[in-house]
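Remarks on the structure that follows.
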Amino acid sequence: MLQVEGLTKQVHSLDKDSEPLVLLQDINFSIDRGESVALVGPSGSGKSTLLGLLAGLDDPSAGRVLIDEESIFDLDEDGRARLRGEKIGFIFQSFQLLANLTALENVLLPLEIAGHKQAASAARATLERVGLGARLRHYPRQLSGGEQQRVAIARAFVMQPALLLADEPTGNLDSQTGGQIISLLFELNRERGTTLVMVTHDNALAALCGRQLHMSGGRLQGK
């Protein structure tokens with residue numbers, strides 16, 4: 001499902017004489033369809049940077065990412081957007097909800113873009129599944145941080161993606177709600193064969209995954 005080859009990300013400062021900051025260095029791994037994989041490691045180790053590159057949200061300095069054998073950095077922005085719409089769900093740690101849309105409208109948006117025939121019912125059902133059936137008409141500013149996270153998770157779930165990327169998916173949730181979301185993540189993984197890749201600092205959550213990839217200093221320490 002996912003193949004990463006020589007992935008490197010460097011950031012250059014305005015000072016031409018200074019060395020570039022290396023965020024990721026020569027990352028190589030592959031993930032089979034239906035696997036669940038946790039990206040773990042200390043803060044600043046490159047986990048979230050790597051996750052963003054896997055989704056094609058940023059450009060690498062070198063290397064390739066292939067999803068279903070399609071090299072995403074050979075695509076233009078429209079091509080990457082198409083690929084994300086067809087195959088990738090992304091749960092952002094910072095939610096990335098549209099402030100002028102209700103919870104229901106935020107979840108509806110990717111369905112409408114894709115021309116889904118049962119968009120409204122699918123969006124409602126997914127929000128109900130994450131416990132927000134009574135908050136459909138509320139805007140992000142009217143929701144708690146945990147509720148906003150659940151809207152973001154519903155938006156990622158609703159397209160039934162082949163690849164689900166999650167950046168600290170339970171980081172803003174209480175233990176009870178976090179447990180429900182974890183169950184949803186792994187239900188999607190088992191029932192639909194969704195490939196799951198998540199960044200987490202939660203060792204118990206990481207242990208539920210079939211495999212862990214350990215990051216340190218922008219490098220992959222194990223496969």
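Structural remarks
- Exactly one residue out of Gly52, Gly79, Gly41 is in contact with a His (Cβ under 7 Å, 6 or more places away or on another chain) and not basic (Lys, Arg): that is Gly41.
- Among the candidates Ser13, Ser18, Ser45, residue that is within 19 Å of the chain's Cα centre (by Cα) and not acidic (Asp, Glu): Ser45
- Qualifying positions in the stretch 154-178 - in a helix (DSSP H, G or I) and of a type in the set (D, E, K, R): Arg155
- Residue within the stretch 163-178 that is more than 13 Å from the chain's Cα centre (by Cα), over 30 Å from Gly6 (Cα atoms) and of a type in the set (A, V, I, L, M, F, W, C) present: yes
- Qualifying position, being basic (Lys, Arg), surrounded by fewer than 22 Cβ atoms within 10 Å (Cβ to Cβ) and in contact (Cβ under 8 Å) with a residue 24 or more places away in the chain, among Arg211, Arg150: Arg211
- Any hit, the stretch 155-162, residues being out of contact with any Lys or Arg (no Cβ under 8 Å at 6 or more places or on another chain), open to solvent by 50 Å² or more (accessible area, probe 1.4 Å) and at positive phi: no
- Of the helices (runs of 4 or more DSSP H) lying entirely inside the stretch 75-152, those containing at least 2 residues that are of a type in the set (Gly, Ala, Ser) and in contact with a helix residue (DSSP H, G or I) (Cβ under 9 Å, 6 or more places away or on another chain) are 77-87, 119-129.
- Residue within the stretch 54-70 that is assigned to a helix (DSSP H, G or I) and either closer than 18 Å to Met1 by Cβ or touching a helix residue (DSSP H, G or I) at 6+ places or on another chain (Cβ under 7 Å) (or both) present: yes
- Condition met for Leu24 (open to solvent by less than 10 Å² (accessible area, probe 1.4 Å) and within 13 Å of the chain's Cα centre (by Cα)): no
- Unique match (being of a type outside the set (A, V, I, L, M), surrounded by 13 or more Cβ atoms within 10 Å (Cβ to Cβ) and more than 28 Å from Leu111 (Cβ to Cβ)) among Gly85, Gly44, Gly52: Gly44
- Filtered residue count, the stretch 130-172, keeping only those that are at pLDDT 95 or above and polar (S, T, N, Q): 1
- Apart from one condition, Phe90 fits all of (1) at pLDDT 90 or above; (2) within 24 Å of Arg141 (Cα to Cα); (3) out of contact with any Asp or Glu (no Cβ under 9 Å at 6 or more places or on another chain); (4) open to solvent by less than 70 Å² (accessible area, probe 1.4 Å); the exception is (3).
- Near pairs, Cβ below 9 angstrom, 6+ apart or cross-chain, from the stretch 17-31 (without any contact (Cβ under 8 Å) to a residue 40 or more places away in the chain) to any residue that is open to solvent by less than 50 Å² (accessible area, probe 1.4 Å) and not in a strand (DSSP E or B): Ser30/Met1
The values are calculated or read from the model by the stated rules, or taken from the named source; none is laboratory data. Everything numeric here is computed off the predicted structure, so don't read it as measured data. FYI the Cβ positions are ideal-geometry reconstructions off the backbone, even for glycines, and counts take in every protein chain you see. Heavy atoms of the whole protein, side chains included, go into the accessibility calculation; ligands, DNA and RNA do not. Shrake-Rupley method; radii C 1.70, N 1.55, O 1.52, S 1.80 Å.
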